[in-house]
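> Quick one: this structure, given as structure tokens, is what I'll be asking you about.
The values are calculated or read from the model by the stated rules, or taken from the named source; none is laboratory data. Just so we're clear, the structure is a prediction, and the values are computed from it rather than from any experiment. Heads up, the Cβs are rebuilt from the backbone with ideal geometry, glycines too, and the neighbour counts pull from every protein chain shown. Heads up: the accessible areas ignore ligands, DNA and RNA and are worked out on the full protein's heavy atoms, side chains in. Shrake-Rupley method; radii C 1.70, N 1.55, O 1.52, S 1.80 Å.
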Amino acid sequence: MNVLIKSATIVDSKSDFHNETCDILIEKGIITQISKEIKNPSKVKEITLDNLHVSQGWFDSSVSFGEPGYEERETIANGLETAARSGFTDVAVNSNTNPVIDSYADISFLKSKAQGNPVNLYPIGALTKHSEGEDLAELFDMKNAGVIAYYDYQKPIRNPNLMKLALQYASNFGGLIYSFPQESKISGLGVVNENVMSTSLGLKGNPTLAEELQIVRDLFLLEYTGGKLHIPTISSAKSVELIRTAKAKKLDVSCSVAIHNLILTDDVLSTFDTRFKVLPPLRTQSDCVALIEGLKDGTIDMVTSDHNPIDIEHKKIEFDYAMYGSIGLETAFGALNTVFTIKKTIDLLTKGKERFGIDPTSIAVGKNAKLTLFNPNENYTFNKEMILSSSKNAIFENYPLKGKVYGIFSNNQLVLN
């Protein structure tokens, strides 16, 4: 496909054209020319949009779809379309399906469903068989099928010896192990942050201690084994300190934070709205501040939408019994852009690829065109009509956001809203 992008401000710190407004000519999926003005004698398709900005394609390290087994929540096809229209060219997809993605055949199924799509789907295989936390899954077989990491989605590995074996075994082939940071015996039946708000609402609390104890355990195991560890969706100030110290010791650890944990606090729970029931739970303002600082100084490696569609039957019920999770692809950019500068926002949305062995593909002549198109300055309030997902459990519904996604160009395909 041949496309001429006109007057686009390039936001890519790794590109020679960073912060410049240029035309970009793409021919057969390859960037062939970048210049202040490019003539269009061949009459290729032109893209001219208001306050157009272009960056490397965005990446999300934790996305859940429903297929197979929970197609009423989200199919792979609709999930990938949602990702594309939300500005993402690459998504790492969790294994929390039915059946759980824990074998070579399961990985092959996911990849076949995404074949030919403009969005690249990278499977995350289950760490243990059926995500039951008892025996390791066939990690090496799944690597040969194309997984980028191993994770029992939002299920902590209770047995420390099992985590030790996983880190040791995966280190033989460079496998990356996720470990969800929650000590179940401490979190118990807690459904919200243990704080003044949980007490006033009469809801059981899940203390930050549960997260921090698990992180301490896993960091000790990592130091012993010398493997590769990723800690997803941390949520407390102390967690940031622990990982900062571990990185100073040169441990091979990375971590992420869910965007909603940067912005929202447990104060929003006063209405018992189950859209705000997420895991880890929303914490305090001081935790939000520490998480933001952790992103600024590089302690936290990446952000994630932690997109998790849940059908209405499992959300519109009593708070204690509602499932955890929110959709987040549609609001990731607009929410993040209310907190950081546009340069930092784009940096966070494109970071993390190297950790998973994904080519970052900077904007340069001769490179494959993997681009996100957006306007960073449009202010609006996100509403239900803007939801692209099949499920409607949007934590940022009725929240003021900043920045409009125009679409993506990836895999020689153009997707525009």
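> Go through (1) of a type in the set (A, V, I, L, M); (2) under 20 Å from Thr361 (Cα atoms); (3) part of a loop (DSSP other than H, G, I, E, B) for Ala92 and report which single condition fails.
Unmet for Ala92, out of (1) of a type in the set (A, V, I, L, M); (2) under 20 Å from Thr361 (Cα atoms); (3) part of a loop (DSSP other than H, G, I, E, B): (3).
> I've got another one for you. (1) part of a loop (DSSP other than H, G, I, E, B); (2) buried (at least 24 other Cβ atoms within 10 Å of the Cβ); (3) not hydrophobic (A, V, I, L, M, F, W, C): which one isn't true of Glu67, the others all being true?
Only one criterion is unmet by Glu67, namely (2).
> Of all residues in the stretch 301-341, which are more than 18 Å from the chain's Cα centre (by Cα) and not hydroxyl-bearing (Ser, Thr, Tyr)?
Hits for the stretch 301-341 are Asp311, Ile312, Glu313, His314, Lys315, Lys316, Ile317, Glu318, Phe319, Asp320, Ala322, Met323.
> Quick one: would you say His260 is in contact with a Phe, Trp or Tyr (Cβ under 9 Å, 6 or more places away or on another chain), within 22 Å of Pro160 (Cα to Cα) and not charged (D, E, K, R)?
Criteria not met by His260.
> Mind counting the residues in the stretch 33-59 that are polar (S, T, N, Q) and loosely packed, with under 12 Cβ neighbours inside 10 Å?
Counting residues in the stretch 33-59 that are polar (S, T, N, Q) and loosely packed, with under 12 Cβ neighbours inside 10 Å gives 2.
> Could you please let me know if Leu25 is assigned to a loop (DSSP other than H, G, I, E, B), among the aliphatic types (A, V, I, L, M) and either touching a helix residue (DSSP H, G or I) at 6+ places or on another chain (Cβ under 6 Å) or open to solvent by 10 Å² or more (accessible area, probe 1.4 Å) (or both)?
no
> Count, please, the residues in the stretch 168-201 that happen to be part of a helix (DSSP H, G or I) and farther than 23 Å from Ser236 by Cβ.
Total satisfying the criteria: 3.
> Hey, among the residues in the stretch 226-247 that are of a type outside the set (A, V, I, L, M) and buried (at least 20 other Cβ atoms within 10 Å of the Cβ), which one's modelled with the lowest pLDDT?
For the stretch 226-247, the residue satisfying everything is Gly227.
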